[in-house]
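Read the figures in this text as sums done on the coordinates, not as results from a lab. Everything quoted here is computed from the prediction, not taken from an experiment. Every residue, glycine as well, gets a Cβ built from its backbone with ideal geometry; the counts of neighbours run over all protein chains shown.
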Amino acid sequence: MTVAPAPEDLAGRRLPGGTCCVEGYESLLMDDAVRAPRSEEPHPIWAFLAPQRGMGCSLAELFAGLGCPLEDGPLLGRFGARIAAPLVLDVEHEVRGGITSVRRRRGRVLGVVDEVEMVLDLRRDGAPVLTATYGFLLPRPGLTEAPPTEQSSTDAPDCPEHPGPPFTVRADEMKLLALLLRDPNPIHLDPDAAAAVGLGRACVNQGPANLAYALTHVTARHPGATLTAFEARFRATVVAGDVVTPVAGDDGRFALRHADGRDAVTGTARF
C-alpha cells in the first residue's frame with residue numbers, strides 16, 4: 001500500500017510545464033467522441049484537455065507523484081475554466097502551473113480522501129488564453145482520521161430547464177476518449193478494474209466526456225455567443241449502458257442527468 005504524503009508536503013508543488021498543440025484532426029475526433037456536431041472550432045472541453053497535455057508529465061506520473069497510483073482510483077471532483085482568448089488549432093501553446101491546495105477530508109462513500117486543486121495557465125506567444133482549475137479526489141486507503149465533508153446545499157433551479165435528447169453511453173466510445181485524453185486509468189477500459197475500486201462491474205465513462213455532453217447542449221442554446229467561463233462538479237459516475245440526458249437552463253446552468261433523476265454533472269456556463 002502506498003503511504004499517503006502529508007497534505008502540506010503536496011501543496012505548492014510546481015509542475016514541469018511545457019507546450020501543447022491540438023491538431024485539427026484531433027478536434028474532429030473529439031467532436032465525434034462526445035457526440036457533438038463537427039466544427040472548425042475546438043470543442044469547449046479542450047479547455048480541460050489542452051493544459052493537461054502541456055503540464056510536463058502524464059496523468060499516471062502526476063498521480064504517482066501525489067501518492068495515489070492509478071490502481072487506487074483517483075477521481076475528478078470538479079473543474080473550471082476562465083477563457084481569455086480562443087484556443088487555436090495546429091499552434092503551440094505554453095503551459096505553466098502546479099498544485100495550489102490540498103485538503104484531507106472524510107466522505108461517506110470514498111472514506112478518507114485528499115482533495116487536490118491543480119491550476120494550469122495556457123498562453124500563446126506570452127498572451128493569456130485560459131486558466132484551468134482541476135479538483136481531484138485521491139483516495140487514501142488505510143487512513144481513518146480526517147475532518148468530515150461539509151455538506152453543501154443545492155438550490156432548485158429558478159428558471160425553466162431545457163432537456164436535450166437522451167442517449168446511451170457506450171464502452172467503445174471510451175476507448176477513443178482514452179486516446180484523446182491520454183488517460184490510461186483502467187476503470188475506463190476494464191470492468192474488472194472498475195469493480196476493484198468499488199465502482200461496479202462496468203467501464204466508467206470519463207468525467208470530461210460527461211462534462212462535454214452537457215457543454216455541447218448548453219452552448220447550442222446560445223448560438224453566436226462567446227463562452228468566457230464555466231465550472232462544473234462531478235456528482236455521480238456514468239457507466240457503459242447508462243441512459244443520460246443533457247439539460248440546460250436559460251441562466252447558463254447545465255447538468256447531465258441519469259434516467260432516475262440523479263445528476264452526474266452540474267455546472268454553470270458564462271457567455
Task: Which of Val265, Tyr213, Ala236, positive extreme of dipole for region 198-271 (C-beta unit charges) - done: Ala236
Task: 3J(HN,Hα) from dihedral phi, region 252-260, Karplus parametrisation 6.51/-1.76/1.60, rounded to Hz, x for glycine, proline - done: x, 5, 9, 7, 10, 10, 6, 4, 8
TODO: Using the Karplus curve 6.51 cos²θ - 1.76 cosθ + 1.60 with θ = phi - 60°, work out ³J(HN,Hα) for each residue of region 221-227 in order, rounded to whole Hz, and write x for Gly and Pro.
DONE: 7, 10, x, x, 7, 9, 6
- [ ] Report, for the chain, the % of DSSP beta bridges that are antiparallel, rounded to 5.
- [x] 100 percent
Task: Size of charge dipole - the chain - debye, nearest 20, with Cβ of Lys, Arg +1 and Asp, Glu -1, no other charges - done: 440 debye
Task: Where labels lie 7 Å past Cα in the beta-carbon direction, separation of Arg14 and Arg82 in nm - done: 2.1 nm
- [ ] Evaluate the distance, in nm, between pseudo-label points positioned 7 Å from the Cα of Ala127 and of Ala225 along their respective Cα→Cβ axes.
- [x] 2.5 nm
- [ ] Let me know the Kirkwood hydrodynamic radius for region 1-61, please, with Cα pairs as the basis and the value in Å to one decimal.
- [x] 14.1 Å
Task: Dipole magnitude of region 210-269 about its Cα centre (Cβ charges: Lys, Arg +1; Asp, Glu -1), debye to nearest 20 - done: 40 debye
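Where the only charges are on Cβ atoms (+1 Lys, Arg; -1 Asp, Glu), what is the dipole of region 31-109 about its Cα centre, to the nearest 20 debye? Please list the in-between numbers first.
Details: 11 positive and 10 negative charges, 172 e Å.
Roughly 820 debye, rounded to the nearest 20.
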Open item on the list: Within a 10 angstrom radius of the beta carbon, how do Glu40, Glu231 rank from fewest other beta carbons to most?
Closed with: Glu40, Glu231
Open item on the list: Just want the answer: with Cβ charges of +1 for Lys and Arg and -1 for Asp and Glu, which residue in Ser58, Pro86, Gly73 is farthest toward the dipole's positive end in region 35-124?
Closed with: Gly73
Task: Relative compactness, the chain, computed as alpha-carbon Rg over 2.2 N^0.38 Å - done: 0.97
Task: Counted charge near Gly207, where neighbours are those whose Cβ lies closer than 11 Å (Asp, Glu -1; Lys, Arg +1) - done: +2
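Within 10 Å of each residue's Cβ, count the other Cβ atoms and sort Val112, Val34 from fewest upward.
Val112, Val34
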